[in-house]
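Engineer: Structure below; questions to follow.
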Amino acid sequence: MPSRVSMTRSSTGEAMKTLIITAMAVAAMAAQTANAQTATSEATEQPAEQTTDQPSTDTSTQTDESGDAAMQPLETAVTAAAEGTQFGQGGYTSTDGEEIYQTLCAGCHMPDGGGAVGAGAYPALAGNSNLEYSGYAISLIVNGQKAMPAFGTFLNDEQIVALTTYLQTNLGNDYTPDATIESVADARPAEPVDPNTAEHE
């Protein structure tokens, strides 16, 4: 029987690509539905004497040989966009520590920092004595550890300082913030790991 580790291991890049493709497909389908509803409501509002002799240029209502709505251009665009996307490409722009936490961390560590146990153990950050000094948080944020992904290629030094400061001064923590741009730069590996191909140990 395969070990639990080998059964649950998958490439971070493949998982991220699947997530991106799924999100883009859902957004594209929602947009297509909205466009179809708009086109239907506009068609009912047009005068009856308007002719329909001209071919339609609306690809959302064209059909393919099987009679199904033509989704090939949409699928092609979504797939091409997702395959050209790498995790961390373009980055995340917020420099507000709380916003970064709520966007990137709260999904596992919970919005209140209380942590969780489920598919894995997500340690509580609220009242966590490991956060007294920023080095611990900076190292984990930059490099990741076990199930914790490395955000070092996704967040810049200023963002990591903002996030670490938020962790040290919120969520039930009352530590003196000591994160600096220099300490983040020092925590970065000489040869960063590509989050699209790396597997967690």
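Engineer: So if I check each of 157, 174, which one is at pLDDT 95 or above and within 11 Å of residue 142 (Cβ to Cβ)?
Structural biologist: 157
Engineer: Could you say whether any residue in the stretch 106-119 is of a type outside the set (A, V, I, L, M) and modelled with pLDDT under 90?
Structural biologist: Yes.
The values are calculated or read from the model by the stated rules, or taken from the named source; none is laboratory data. These figures come from a predicted structure and were not determined experimentally. In this analysis, Cβ positions are derived from the backbone assuming ideal geometry, glycine residues included, and neighbour counts consider all displayed protein chains.
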